[in-house]
Amino acid sequence: MKRVLFTPGPTEVPSEVLQAMAKPLIHHRTDEYRQHFLETTRLMQEHLGTKEPALTLSCSGSGAMEAAAVNLLSAGDEAIVVEGGKFGDRWRAICQTYGVTAHTVSVEWGRVATAEEVESALAAHPSARVLFCTHSETSTGALFPVHDMARVAKARGVLTVVDAITSFGVYDLRFDRSDFDVVVWGSQKGMMIPPGLGFICMSPAAWDRVKASMLPKFYWNLTKAKKALETGDTPFTPAISLVLAARAAMLLLQSEGREQVFARHARNGDAARAAVRALGLPLFAEVPSNTLTAVAVPGGVDSSGVLKTMENKYGVKIAGGQDRLKGKIFRLGHIGYYDEGDILRLVGAFEGALLEHGGTGEPGSAVRAAQQSFRAASSSTPARVG
């Protein structure tokens, strides 16, 4: 049976990327590799909307998060952490691990914090040096107003660090025109390659702050990484095959066009949400992200049965809830390498499995709603900024 990943990470990998990874390995201290690496970096910068260096780390997105923290802060510093899910809470855990006091702006999972709540926290903790926030919270499917949050932080001289691990490639982050100081992302989401690479981009103000950081750092020394990038190198052995995969993926995104990529994700998200509503199910997130659709498990439905039937009968793999949401939500991923036909397969499988395990609704209603959503969408409609 053909199986397709519709999880919010890892996501489906294009054949062009698989082919790039299957080529014979090349050495990383060669002009051939440096040329590919620098091209990949340039393409990521263009997609992010920046002229600042985009650093590549051999790690997961969480590694890039930790690198951001240890390069900006010192033990005893204070920070504000926006927490509305598992990955927002990861910022708190990283800070506390390094002796940084994390003041949290916590909201119920599924809800999004507001810029006003962040401003109140900044006013209450004037010694805070950094604001850590998550753009698209993977555990809840919620989209946070990080541009508004960054604006209020900047007004107080506080740096903003954004976890864009599931929003890079989905939303126009327009880094150089934003109030962001640091953005981190990973390889296995909108970049459409396997897990194993983390990325980080920093503003000039953030680089100035790096000079004063006293936290220990060896592998996560971004000053060394920035210096090495000038000549197309990395301080340590890179994940060569994944870098070549990233180049292939970024060439695909460039060919499609960045605005078209964002608009495609908006259409896919709209269609998935329309399908869910047609089944009479509530969306879990207060402000849904175009990366995934989180759906509350209806009463009387065996959530584990739905997941297994989707995978074993329909060849469609989605994700359930994590931590406190385990068994309480479904997460339908549509981030990355998906088109209209893929989304129709996703919602058709979801509808079929749901009806087999106690769900209600008219058979075919989800697919019809998604089709109607796609027909109503205009491919020329600009995607909104997240």
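Need a quick list: helices (runs of 4 or more DSSP H) entirely within region 220-288 having at least 3 residues that are buried (at least 17 other Cβ atoms within 10 Å of the Cβ) and within 21 Å of the chain's Cα centre (by Cα).
240-256, 258-278
Taking the conditions exactly as written (crowded, with 17+ Cβ neighbours inside 10 Å, within 29 Å of Ser187 (Cβ to Cβ) and within 23 Å of the chain's Cα centre (by Cα)), does Ala349 satisfy them or not?
Details: crowded, with 17+ Cβ neighbours inside 10 Å: yes; within 29 Å of Ser187 (Cβ to Cβ): yes; within 23 Å of the chain's Cα centre (by Cα): no.
Answer is no for this residue.
Could you say which residue among Thr41, Thr104, Thr50 is among the hydroxyl-bearing types (Ser, Thr, Tyr) and within 16 Å of Asp163 (Cα to Cα)?
Going through Thr41, Thr104, Thr50 in turn, the sole match is Thr104.
Take the conditions touching a helix residue (DSSP H, G or I) at 6+ places or on another chain (Cβ under 9 Å), crowded, with 19+ Cβ neighbours inside 10 Å, assigned to a strand (DSSP E or B) and of a type in the set (A, V, I, L, M) and apply them to Leu332. Does it pass?
Answer is yes for this residue.
Given the condition closer than 23 Å to Thr291 by Cβ and open to solvent by 10 Å² or more (accessible area, probe 1.4 Å), answer yes or no: does some residue in region 24-37 qualify?
Within region 24-37, not a single residue is closer than 23 Å to Thr291 by Cβ and open to solvent by 10 Å² or more (accessible area, probe 1.4 Å).
Do we find a residue being farther than 30 Å from Asp323 by Cβ, outside any loop (DSSP other than H, G, I, E, B) and of a type outside the set (A, V, I, L, M, F, W, C) anywhere in region 47-66?
yes
Pick from Ala79, Ala20, Ala64: which is touching a helix residue (DSSP H, G or I) at 6+ places or on another chain (Cβ under 9 Å), open to solvent by less than 10 Å² (accessible area, probe 1.4 Å) and at pLDDT 95 or above?
None of the others qualify; the one that does is Ala79.
Please go through region 106-127 and give me each residue that is in contact with a helix residue (DSSP H, G or I) (Cβ under 6 Å, 6 or more places away or on another chain), among the aliphatic types (A, V, I, L, M) and open to solvent by 10 Å² or more (accessible area, probe 1.4 Å), ordered by number. Steps first, answer last, please.
First pass over region 106-127, keeping only residues in contact with a helix residue (DSSP H, G or I) (Cβ under 6 Å, 6 or more places away or on another chain): 115, 118-119.
Still in the list and also among the aliphatic types (A, V, I, L, M): 115, 118.
Ala115 - this is the single residue of region 106-127 that is in contact with a helix residue (DSSP H, G or I) (Cβ under 6 Å, 6 or more places away or on another chain), among the aliphatic types (A, V, I, L, M) and open to solvent by 10 Å² or more (accessible area, probe 1.4 Å).
The values are calculated or read from the model by the stated rules, or taken from the named source; none is laboratory data. Model, not experiment: these values are computed from the prediction. Every residue, glycine among them, receives a Cβ derived from its backbone with ideal geometry; neighbour counts consider all protein chains shown. For accessibility, only protein heavy atoms count, side chains too; no ligands or nucleic acids. Shrake-Rupley method; radii C 1.70, N 1.55, O 1.52, S 1.80 Å.
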